[in-house]
Amino acid sequence: MRFVVGLGNPGPEYAATRHNVGFRVIEALARRRGIRLDRRECRSDLGWDDVLALAAPQTYMNRSGYAARCLCDRYGVEPDALLVVYDEVHLPLGTLRLRGKGSPAGHRGMESVIENLATDEVPRLRLGVAPEDGPPAGGEDLVEFVLSPFAPGEEPTVTAMVQRAAEACETWAREGIEAALRLNGRVAADDPPRTEDTGVDDVSAPPFRNASLT
């Protein structure tokens, strides 16, 4: 069993923000695979099928590591069998960047995961959320930016990016990280869906229990 853990903040006030694209990938995977996140374990909404376990920590972003460590301990999962999905403010909108290890690069959620698992050898999939003119320089302006929603004109690209990210997660689970690396790069808003590559027929399954995560 492999885990995909999407990072975000719980509650409807955060659902549409840039910081919550990790949750949106979990929702996309749940729909594609017919999984319901109807269990609550390790302070996470959790569900699985015979290939993937999906988790959306409800700890708030900066304490995501607690959930990751708890899930690894409870299910005997090694860190390299856990893929963390989250936003990256320093990548252009629509960009996917999958890596097998590395530093948190300033992301507080990933920082918490690395600290709690005591290793930086944790696969991660970063999703670019920066607009064409780049993000704010830092400080409170940057915090406000990541906690703000996408502009309406950005949403088609976000949707395409989330679907490509879901495909990358499934490829990682089935074939390993080397195969999934081919999905790195930037996604255009008009890129066609690639559900035919996933091996999953049902892409219209009901959403999982916590609709506020969408």
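Numbers below:
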| read-out | value |
| --- | --- |
| Number of positions in region 176-202 that are farther than 24 Å from residue 131 by Cα and either in contact with an Asp or Glu (Cβ under 8 Å, 6 or more places away or on another chain) or modelled with pLDDT under 95 (or both) | 9 |
| Flag for residue 3 being buried (at least 23 other Cβ atoms within 10 Å of the Cβ) and aromatic (Phe, Trp, Tyr) | no |
| Some residue of region 13-27 being buried (at least 24 other Cβ atoms within 10 Å of the Cβ), farther than 19 Å from residue 176 by Cα and out of contact with any Phe, Trp or Tyr (no Cβ under 9 Å at 6 or more places or on another chain) | yes |
| Looking only at region 130-153, and only at residues there that are touching a strand residue (DSSP E or B) at 6+ places or on another chain (Cβ under 9 Å) and assigned to a helix (DSSP H, G or I), the one that is farthest from residue 8 (Cα to Cα) | 142 |
| Within region 121-150, tally of residues that are free of Cβ contacts under 8 Å to residues at least 24 places away in the same chain and more than 20 Å from residue 185 (Cβ to Cβ) | 9 |
| Neighbours by Cβ (under 6 Å, 6+ apart or cross-chain): first from region 51-66, over 18 Å from residue 146 (Cα atoms) and of a type in the set (Ser, Thr, Tyr); second surrounded by fewer than 23 Cβ atoms within 10 Å (Cβ to Cβ) and at pLDDT 95 or above | 66/59 |
| Residue within region 62-69 that is surrounded by 16 or more Cβ atoms within 10 Å (Cβ to Cβ), assigned to a helix (DSSP H, G or I) and over 16 Å from the mean Cα position of the chain (by Cα) present | yes |
| Scan of region 65-90 for residues that are out of contact with any Phe, Trp or Tyr (no Cβ under 8 Å at 6 or more places or on another chain) and either small (Gly, Ala, Ser) or on the phi > 0 side of the Ramachandran plot (or both), ordered by number | 65, 67, 68, 76 |
| Test: residue in region 37-59 that is in a loop (DSSP other than H, G, I, E, B), polar (S, T, N, Q) and farther than 23 Å from residue 159 by Cβ | yes |
| Residues satisfying the stated conditions in region 94-104, i.e. under 23 Å from residue 171 (Cβ atoms) and in a loop (DSSP other than H, G, I, E, B) | 94, 100, 101, 102 |
| Selection within region 110-147 - exposed (fewer than 12 other Cβ atoms within 10 Å of the Cβ) and touching a helix residue (DSSP H, G or I) at 6+ places or on another chain (Cβ under 6 Å) | none |
| Every pair of residues 6+ apart whose Cβ atoms lie under 7 Å, when the first sits in region 35-46 and is among the small types (Gly, Ala, Ser) while the second is modelled with pLDDT of 95 or more and part of a strand (DSSP E or B) | 44/55; 44/56; 44/57 |
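The values are calculated or read from the model by the stated rules, or taken from the named source; none is laboratory data. Just so it is clear, the model here is predicted, and its values are computed rather than measured. Neighbour counts are summed over all protein chains in view; Cβ atoms, including those assigned to glycine, are modelled from backbone coordinates with ideal geometry.
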